[in-house]
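Down below is the structure, laid out as structure tokens.
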Amino acid sequence: MTPSQPSQGAPPAGSAAVVDRSNGCAHRKRLPGNCVGCVAREMAACSVIPVEEARTLEDMGGQIRLPAGGVLAREGDPRREVHTVVSGMMRNMRLLPDGRRFVAAFLLPGDFIGLTSATHYRGTVEAVTESTLCTFSTASVRSLCERYPEFEKNLFERALGELDTTRSYQLTLARMTPVERLSVFLLDLSARQHRRGGRENHVDLPMTRADIADHLGLTIETVSRSFSRLKQEGTLYFEHPHHIELRDPARLREMAAR
């Protein structure tokens, strides 16, 4: 729901809607009863809102569907909404002054987008895979915080946790070799996916090697060599180019100093 891009047939203010931004278009329609069956609810910030009051969320929010490569927001855009990833994977990235790209984070179901006091997006948020997001206006979020104190507390705790994790992660990567950086990345993503129902000691990698390189501060060639080394050592097994089994997680944790 982007106020600067109104579409035909837009619903009245406050009604739940879906926005399909495929092919650059925005098509809206109501999605009644969507919150109760939400697959990301247990991981999302709204999990503290009683399920019997889900209608409140449905009346205030809606959904956005993005194809792979679809843009949710560009760096510098006004921040009028907040989002929760329901399905798929998103990437948050920035362009550095020298033109290089930095992928700050890969976002999974339950992750929150827009948890900041900034009035504009500090990075571009894109879909790595076909993705669905739950979306609320910033005014609606303020209203929910007033109505449900536990929701506000949950958002605050998530913000602090995200800040601590990001700082620790970046400081750790700065002191590591390429193989050690890749080990940290694989362990972290595997654990996050496992908490969302994925298989233990497996990791799905729908992103490109360029995405991983720009996230870890490496070149594509260095990322490929690091994967090859871990594969040759028997630490990883490629079930598919984008799906890996962590066959020796203890070795990975040793290299990651965890």
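The values are calculated or read from the model by the stated rules, or taken from the named source; none is laboratory data. Because the structure is a prediction, the values reported are computed rather than measured. Positions of Cβ are backbone-derived with ideal geometry, glycine not excepted, and every protein chain shown enters the neighbour counts. We work out accessible area using only protein heavy atoms, side chains counted, and drop any ligands, DNA or RNA first. Shrake-Rupley method; radii C 1.70, N 1.55, O 1.52, S 1.80 Å.
Things to note:
- Some residue of region 77-93 being among the charged types (D, E, K, R), touching a residue at least 40 places away in the same chain (Cβ under 8 Å) and under 24 Å from Gly217 (Cα atoms): yes
Per-residue answers, yes or no, for (1) in a loop (DSSP other than H, G, I, E, B); (2) surrounded by fewer than 19 Cβ atoms within 10 Å (Cβ to Cβ); (3) more than 16 Å from the chain's Cα centre (by Cα):
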residue: Glu162; (1), (2), (3): no, yes, no
residue: Thr166; (1), (2), (3): no, yes, no
residue: Ser183; (1), (2), (3): no, no, yes
residue: Ala191; (1), (2), (3): no, yes, no
residue: Arg199; (1), (2), (3): yes, yes, yes
residue: Ile212; (1), (2), (3): no, no, no
residue: His215; (1), (2), (3): no, no, no
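- Just one of (1) β-branched (Val, Ile, Thr); (2) open to solvent by 40 Å² or more (accessible area, probe 1.4 Å); (3) in a strand (DSSP E or B) fails for Thr116. It is (3).
- Condition met for Thr135 (out of contact with any Phe, Trp or Tyr (no Cβ under 8 Å at 6 or more places or on another chain), modelled with pLDDT under 95, crowded, with 16+ Cβ neighbours inside 10 Å and β-branched (Val, Ile, Thr)): yes
- When residues in region 201-210 are screened for being closer than 13 Å to Glu245 by Cβ, open to solvent by 30 Å² or more (accessible area, probe 1.4 Å) and part of a loop (DSSP other than H, G, I, E, B), 1 of them pass.
- Among the residues of region 42-58, those identified as modelled with pLDDT under 80 and open to solvent by less than 40 Å² (accessible area, probe 1.4 Å) are Ala54, Thr56, Leu57, Glu58.
- Residues in region 225-235 that are outside any loop (DSSP other than H, G, I, E, B), hydroxyl-bearing (Ser, Thr, Tyr) and surrounded by 14 or more Cβ atoms within 10 Å (Cβ to Cβ): Ser226 only.
- Region 59-113: number of residues that are among the aromatic types (Phe, Trp, Tyr) and open to solvent by less than 40 Å² (accessible area, probe 1.4 Å): 2
- Pairs meeting the criteria (first residue in region 238-252 and over 15 Å from Gly198 (Cα atoms), second residue open to solvent by 50 Å² or more (accessible area, probe 1.4 Å), beta carbons under 8 Å, at least 6 apart or on different chains) are Phe238/Lys231; Arg247/Asn201; Arg247/Tyr237; Asp248/Glu233; Pro249/Asn201; Arg251/Glu233.
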